[in-house]
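**Student:** Here it is, the structure in full.
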Amino acid sequence: MKLKFLHISIENFLSLGQIDLDLNDMGYTLISGINNNPDDNAVSNGVGKSSIFDALTWCITGKTVRGTDKNITNIHTEGGTRVELTFLVDGKEYRICRYRDHKKFGNNIQIFIDGEDKSGKGIRDGEKLLSDYLPELTLQFIGSVIVFGQGLPQRFTNNTPSGRKEVLEKLSQSDFMIEDIKDRLNNRKNLLTSLVREKEDSLLSLKSQLNLLTTQQENRKKDLEELGDASQLLEEKQQLENNFSKLVEPLNKLKEEVNNNENAWAKAMGEKTDLCALYTQEKSNIDKKYSEELNELQQSSMGLKSQIQVLEKEIVRLKNIKDVCPTCGQKLPNVHKVDTTEQESEVSNLKTLLSEVDKTLSDLNSKIYEEKSLLSRDYEGHLLSADNKIKDLKEILLNSKDRLGFIEENYKHLEFELTKLDSKYSNYSQHKEYLISAIQKAEEEKEKMQSKILYGTVEWEDLKARLDVISKMITITTREFRGFLLSNVINYIQDRAKMYSKDIFGTDKIEFTLNGNNIDISYDNKMYENLSGGEAQKVNIIINLALRDMLCQFSNFNSNILVLDEIFDNLDSTGCSQIIDVITKRLTDIESVFIITHRAELMIPADSTIMLIKEKDGITRLQ
């Protein structure tokens, strides 16, 4: 991966305000700062020198070099945060714009590749796409080989000895290579497993077919034994024909008996139907005889009830007329109470007449009911007699049908057996030849099937053997190859570290070794954890440079920038010069080295200086 950072534009990130900075071909650039904010009580601390590269890292990974994504917006500004980074990866131009609480874009990521918008739908989609496009540009990667910083959490030596091994596997992509090999082996294993299963299924199918052929052959042999000779078949046929002929006469007699019983039962059903129709007609005649008189009485009753209702409403209305004022009690002019005696007398007469009509109507309904009841009693006996006759005839019919069914079943069975025997007798020779041929053919098919099973078993055993080899290779890859591959990486890093140690310490007494699951780092027979501040700082720089060389060697990596963020703490001027000389001499692919330090007395040589000034308003600007 060949990285070339071109430009960064920053708005309101941490203490920074508006910053635009070219990153390419800047030579040795010293980043200095002046803090004019009295609230900070500092000369150059807190200006935001490191924030420039925190912004670069945040733009790519969503976190600063120090691993945080919290409170990154400058509280003294408005409009939210925007960081835009332009860089090349293997010649392809990337422009990433990341926003936090932005007045226009909110929280979002925009991704442009060679000028084409490749952004996703929202921050989560954008994060995933960015991870897909640039999977290697992780926080650990940037903090290990691009930004060298004192006290950064991504610093390799910050990890425990066992944690260093995991980090190194990820950085060197040995873990990826192992996983890739495992994936390939697993894919091969899955393919072989599938082929083994297919072959097992095929063998199972062949064995099932062989069993079926064996069963069919045994059945044909049994059929051949049971076939007997022709004279025996003829004797059986004649016996069946005699038994068959004996059933014909009783069968015909029973059919005639059933037919007669069905006719008698149908006639009785018809007689009952006629009787019911006559009964229904006579009831209808009673209704017709009294219908006119009944209708007149019902109409008269309804008319009287309607007149009474109208008169009663009128009486209520007249009685409700008030001729006295309810407020003052004086008689109202031209208002008179009406006498309703005449209307009430008329209502009484109408009610008397209604009672007489209803009485006549009730008597008439009773008379109709009595006539119908008398008619019903007359027909009950006839209907009961008809039902009993039908029931008796039904039982006789069912009994005759049962007997007929039994004889018909025997008849059909004998007919079927006779037909089968007839066919067997007429095709005796042909059937015998067929059975002999089928037995021979089954034997030939069995031999072919056994040959296929034998060949398939050999193929299955070969696939199983190959599958076992793949399984062992997966085990070796998991347990042994990981260590072998990583040991090559570690040996390379140690060689490079010894080279840088000679440049910086004047000796190659640095050791970078794999000890079980731990990576131990020591200098001059002292473990890293026991080194002095200056020694540890130099070892950190040596290890970072060696890691960078390892990536150049194993991953075809180079980057045009290197950031030295306060790495000269605990070092004297000689140590600083040695480090600058090493970077100049050894890291020939670097075009821009950005140096951040508070130690002005070191007089670090630089091609240019970037001056950041933090004003009284708490906002840092580029001078």
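The values are calculated or read from the model by the stated rules, or taken from the named source; none is laboratory data. Since the model is a prediction, treat every value here as computed from it, not as a measurement. Methodologically, a virtual Cβ is constructed for each residue, glycine included, from the backbone with ideal geometry; neighbour enumeration extends over all protein chains shown. Areas reflect the complete protein model, heavy atoms only, side chains present, ligands, DNA and RNA absent. Shrake-Rupley method; radii C 1.70, N 1.55, O 1.52, S 1.80 Å.
**Student:** Cα to Cα, under 12 Å, and not fewer than 8 places away if on the same chain: which aspartates and glutamates meet these conditions relative to Lys432?
**Tutor:** Asp223, Glu225, Glu226, Asp229
**Student:** In the structure shown, do any of Lys189/Lys464; Lys498/Lys538; Lys283/Lys389; Lys221/Lys420; Lys502/Lys526; Lys283/Lys305 have a Cα-Cα gap over 22 Å, and if so which?
**Tutor:** On the way: Lys189/Lys464 10 Å; Lys498/Lys538 12 Å; Lys283/Lys389 25 Å; Lys221/Lys420 20 Å; Lys502/Lys526 17 Å; Lys283/Lys305 31 Å.
Result: Lys283/Lys389; Lys283/Lys305 exceed 22 Å.
**Student:** While we're looking at this one, here's another question. Positive end of the dipole of the chain, charges at C-beta (+1 Lys, Arg; -1 Asp, Glu), about the Cα centre: which of Ser284, Leu204, Leu404 has its Cα farthest in that direction?
**Tutor:** The one lying farthest along the dipole's positive direction is Leu204.
**Student:** On a straight-distance basis, which lysines could pair with Lys401 in a cross-link, Cα separation under 17 angstrom, same-chain partners fewer than 8 positions away excluded?
**Tutor:** Cross-link targets: Lys253, Lys255, Lys391, Lys412.
**Student:** Something else now. What is the angle, in °, between the Cα long axis of helix 123-133 and the longest principal axis of the Cα atoms in the chain? Nearest 10 is fine, range 0 to 90.
**Tutor:** Between the helix axis and the principal axis of the chain, the angle is about 60 degrees.
**Student:** Could you pull out the pairs from Lys4/Lys63; Lys63/Lys165; Lys121/Lys165; Lys2/Lys170; Lys585/Lys614 whose alpha carbons sit more than 28 Å apart here? Before the final figure, lay out each step's value.
**Tutor:** Values: Lys4/Lys63 20 Å; Lys63/Lys165 23 Å; Lys121/Lys165 37 Å; Lys2/Lys170 18 Å; Lys585/Lys614 35 Å.
Correct reply: Lys121/Lys165; Lys585/Lys614.
**Student:** Rounded to the nearest 500 deg cm²/dmol, what is the calculated helix-only ellipticity per residue at 222 nm for the chain, with -39500 (n - 2.57) per DSSP H run of length n ≥ 4?
**Tutor:** Values: 12 runs with 378 residues, N = 623.
Rounded to the nearest 500, the figure is -22000 deg cm²/dmol.
**Student:** To make sure I understand the rule: partners must be aspartates and glutamates, Cα under 14 Å from the Cα of Lys104, and not fewer than 8 residues away in the same chain. Which ones qualify?
**Tutor:** Partners within reach: Glu11, Glu78.
**Student:** Under a plain spin-label model, where a point goes 7 Å from the Cα along Cα-to-Cβ, how far apart in nm are Phe244 and Glu346?
**Tutor:** It works out to 10.1 nm between the two label points.
**Student:** Hey, any idea what % of the stretch 442-565's accessible area is carbon plus sulfur with a 1.4 Å probe?
**Tutor:** Working: 2860 of 5970 Å².
Answer for the stretch 442-565: carbon and sulfur cover 48 percent of the accessible area.
**Student:** While we're here: Starting from the Cα of Asn158, step 7 Å along the direction of its Cβ; do the same at Asn41; then give the gap between the two resulting points in nm.
**Tutor:** For Asn158 paired with Asn41, the spin-label model returns 2.7 nm.
**Student:** Still on this structure, please answer the following. Compute, for the chain, the length of the dipole vector about the Cα centre, with Cβ point charges of +1 (Lys, Arg) and -1 (Asp, Glu) only. Units Debye, rounded to 20.
**Tutor:** Numbers: 83 positive and 101 negative charges, 291 e Å.
Roughly 1400 debye for the chain.
**Student:** Give the shape of the chain as rounded, prolate or oblate, defined through the alpha-carbon gyration tensor: a ≥ b ≥ c are the square roots of its eigenvalues, a/c under 1.5 means rounded, and otherwise the shape is prolate if a/b is larger than b/c and oblate if not.
**Tutor:** On the way: a/c = 6.29, a/b = 1.57, b/c = 4.00.
Since a/c reaches 1.5 but b/c is at least a/b, the shape of the chain is classed as oblate.
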